[in-house]
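The values are calculated or read from the model by the stated rules, or taken from the named source; none is laboratory data. None of the values given here were measured: they were computed from a predicted structure. Here the Cβ positions follow ideal geometry from the backbone for every residue, glycine too, while neighbour counts run over all protein chains shown. Side chains are part of the model used for accessible areas, which takes the heavy atoms of the whole protein and leaves out ligands, DNA and RNA. Shrake-Rupley method; radii C 1.70, N 1.55, O 1.52, S 1.80 Å.
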Amino acid sequence: MPPPKDVVKIAIQMVGAIPQLIDLQQTKPLASVLKDVCDAWSLPNAERYALQYVDGRQTYITESNRGEIKNGSILRLTTSPDQEAERLYNGIQSNNSDVKTDSLKKLASLSQDVTFAQEFISRNGLKQIFSIVEEGNATGEMLAHTLKAFMELMEHDFVSWETLSAAFIKKVVSYVNMNAVDVSVQQLSLSILENMVPTSRLLFELVKKEVTLDRLLTHLQVTNTQLQAMALLIALLLAATDADRRDMMDYLRAKNIRQFIHKNIVHSSEPLGDEMAHYLYVLQSVSLNLCEHRMRTSMDPYSQDQRELLQSLRQTAFESESEASAGNFSTERRRSLCAKEFRKLGFMNNSNPAEDLRRAPPGLLALDNMVYFSRNTPNAYSRFVLENSSREDKHECPFARSSIQLTLILCEILHVGEPCSETAQAFYPMFFGQDHFFEELFCICIQLVNKTWKEMRATQEDFDKVLQVVREQITRTLSLKPTSLELFKTRVNALNYSEILKLRQTERLHQEETLAVPVLELRERLKPELLELIRQQRLLHLCEGTLFRKISSRRRQDKLWYCRLSPNHKVLHYGDVEEGVRSPPIESLLEKIPVADMKVLLLGKECPHTKEKSSGKQNKDVLELAFSIVYDVEEYCLNFVAPTRYEFCLWTDGLNVLLGKEMTSERTQTDLDVLLSMELKLRLLDLENISIPDTPPPVPKPPSNLNFCYDFSHAEQ
């Protein structure tokens, strides 16, 4: 007979005693349970004790979380949170340095527990931590434990960051600014400031003033503090106003930060971690978004500066012929000559070219790009314009019109003006190899437009088709993640129009080939076998496991945890891990969920941890990567935020397989199409260049007699 649903079998340990095996009734008050356990060991004052998990984070058991106890859990009878908080509160005030250090070490460990943290903070414990830091007597290990305990206590959001004293903040800042400080203290100090910056404008201004960009750049050059320094730099950039952010980026550009990152981080011999990859993505996004204001600003026809930029385009291209004869012409004739030259430049409204730049986006960003191209590569600019002005009207490639449309295409491809994702890690390595990345990319791509225009022998009516091909050339090349603009230039120019046609033709032939009726029937026969192969691959991926990050409401990333499926596909193992651990052994993952207890898989907005978060644009990517497993009769949830869309697809597919449901992710269809394509090509290899009929050939009528068959009876005689 199965045990009642509200009873779990557990073991309870205590130092120096034989463990107790009990049936824990979840309906019974926890105080009564503790009394029974203490009575069994003849311990008085049961209210001074509490139950705590032996493994993992050693969380205290309370009435609110007792429902998470599973059959087979091992608990420890220990001092109650209030008693432990009181003991450590007194311990950190001890005059004995060893006692004080041990108390702070224990405090840093226990402060992860919300129940203990509440008890300690209620005793004004944070004030004692502030005193230890402000007095400046603590150093080395003692100071590191103090800062760690402070970080863990603040994680629970019981106390506002704005309540911190100026003396405490300045002391933490001093640990960042001093050289002769323990590495662990500097790491924790940088992390404290990173958490502080987004909470208020006042704290942002204070940190920005006290920790200079030069100091952060110094920390970036030290491997041990590189990650924390980058995190604080990103926090400052995200919290800054548009004007401050532009000033900060200009200063960093003057210090050659991109070249430093390109050489020492992107191309470092050490593997690039997920967190650093995210910070590089944010830095790239922030830098590109500096173009947003120009992109969304239309040209003002009455602005003298903007009109001069337009005139500089004309003068650079036609300086020799226009300047020589302009003095002999009347005002009307000069205006007519300018209009003719603006038409040669490719403006649609040659009498008033400012009208072409009224559309935003791309707005003034297109004008900036054209001017940059004309000033930094004048030979290529003049060649582009003069070459096309000498062609027949219908075959000339309009420089200005192409530049405006190309700028818009680049903004769309590079997501200029879009908010930073909270978890994305996709950055372009070549971005950090060039200060004026967007402008230099434009210079390469506008010459690509002219090259592709000639290859297509295009006319004005083909303008949109040419730009579609150019967009495809750029996106296909960027997907290869070239490490430098030179490599991008080489690859994008190699991907000429004929190569694009070949790729399109291959894709089209493949599509036509797979639409024949017999091939479609063969596809359907192959599908079950290949879907089973995909299922096995998904389960294998779950067995290998994945590193996940917990997302907190205050900062982007919190603790790391790992989840993997047991080799027999019967249990999900998970648990917290330290930074740098890539594939922990299954034995170290102490939390378990039997697959048999899993009820349903929730995605996106249905997940409980997404409902708790705000609904701003910043959290859109979290919604797209969130999923939860509902398990056990009490319907508890294990919440995930996948590191990438790829991991999201593989995990949701694998969990659906375990639940006996269909795999629904877009990755399943992609993988199935790839496998079907490969299998069909192998099966149809012998039929190459042979047209496959839509219907099978007719079966011939049987012969009138079978006399042509050899009679074996005669041979036997």
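Points worth noting:
- Going through (1) in contact with a helix residue (DSSP H, G or I) (Cβ under 9 Å, 6 or more places away or on another chain); (2) open to solvent by 40 Å² or more (accessible area, probe 1.4 Å) one by one, Tyr381 falls short only on (2).
- Number of residues in the range 69-92 that are farther than 20 Å from Leu147 by Cβ and part of a loop (DSSP other than H, G, I, E, B) equals 6.
- Selection within the range 93-104 - part of a helix (DSSP H, G or I), touching a residue at least 24 places away in the same chain (Cβ under 8 Å) and surrounded by fewer than 19 Cβ atoms within 10 Å (Cβ to Cβ): Ser97
- Counted residues, the range 105-132 - those being under 14 Å from Gln93 (Cβ atoms) and of a type in the set (A, V, I, L, M, F, W, C): 6
- Note on the range 445-547: enclosed helices (runs of 4 or more DSSP H) holding 2 or more residues that are in contact with a helix residue (DSSP H, G or I) (Cβ under 7 Å, 6 or more places away or on another chain) and among the polar types (S, T, N, Q) are 463-478.
- For Thr59, the test of being under 21 Å from Lys9 (Cβ atoms), open to solvent by less than 60 Å² (accessible area, probe 1.4 Å) and of a type in the set (Ser, Thr, Tyr) is passed.
- Arg258, sole failed condition from (1) more than 23 Å from Leu188 (Cα to Cα); (2) free of Cβ contacts under 8 Å to residues at least 60 places away in the same chain; (3) within 23 Å of the chain's Cα centre (by Cα): (2)
- Looking only at the range 263-320, and only at residues there that are assigned to a helix (DSSP H, G or I), among the small types (Gly, Ala, Ser) and over 35 Å from the mean Cα position of the chain (by Cα), the one that is modelled with the lowest pLDDT: Ser320
- Gly273 meets all of the listed conditions (1) in contact with a Leu (Cβ under 8 Å, 6 or more places away or on another chain); (2) open to solvent by 70 Å² or more (accessible area, probe 1.4 Å) but one, namely (2).
- Selected residue (only one of Lys599, Lys611 is open to solvent by 80 Å² or more (accessible area, probe 1.4 Å) and at pLDDT below 85): Lys611
- Set Glu606, Glu587: member being modelled with pLDDT of 85 or more, under 21 Å from Cys649 (Cβ atoms) and either in the same structural domain as Gln58 (by the TED database) or open to solvent by 50 Å² or more (accessible area, probe 1.4 Å) (or both): Glu606
- Evaluation of Ile18 against (1) open to solvent by 80 Å² or more (accessible area, probe 1.4 Å); (2) assigned to a helix (DSSP H, G or I); (3) not assigned by the TED database to the domain that holds Thr139 (one fails), failing number: (2)
- Answer residue from the range 67-92, given it is open to solvent by 80 Å² or more (accessible area, probe 1.4 Å) and more than 41 Å from the chain's Cα centre (by Cα) and is farthest from Cys38 (Cα to Cα) among those: Asn90
- Taken residue by residue, the range 460-473 has no member that is open to solvent by 30 Å² or more (accessible area, probe 1.4 Å), under 26 Å from Ile257 (Cβ atoms) and modelled with pLDDT under 95.
- Helices (runs of 4 or more DSSP H) enclosed by the range 111-225 - at least 1 residues per element that are under 30 Å from Tyr251 (Cα atoms), out of contact with any Ser or Thr (no Cβ under 6 Å at 6 or more places or on another chain) and of a type in the set (Phe, Trp, Tyr): 166-177, 201-210
- Applying the condition of being of a type in the set (Ser, Thr, Tyr) and over 24 Å from Gly580 (Cβ atoms) to the range 224-269 and asking which residue is surrounded by the most Cβ atoms within 10 Å (Cβ to Cβ) yields Tyr251.
- Filtering the range 206-217 to residues that are open to solvent by 60 Å² or more (accessible area, probe 1.4 Å) and within 28 Å of the chain's Cα centre (by Cα) leaves Lys208, Thr212, Asp214.
- Among residues of the range 573-610, those that are among the β-branched types (Val, Ile, Thr) and over 22 Å from the mean Cα position of the chain (by Cα), counted: 4
- Pairs, first assigned by the TED database to the domain that holds Lys465 in the range 482-510, second of a type in the set (Phe, Trp, Tyr) and assigned to a helix (DSSP H, G or I), C-beta under 9 Å, six or more apart: Pro482/Phe488; Leu485/Phe437
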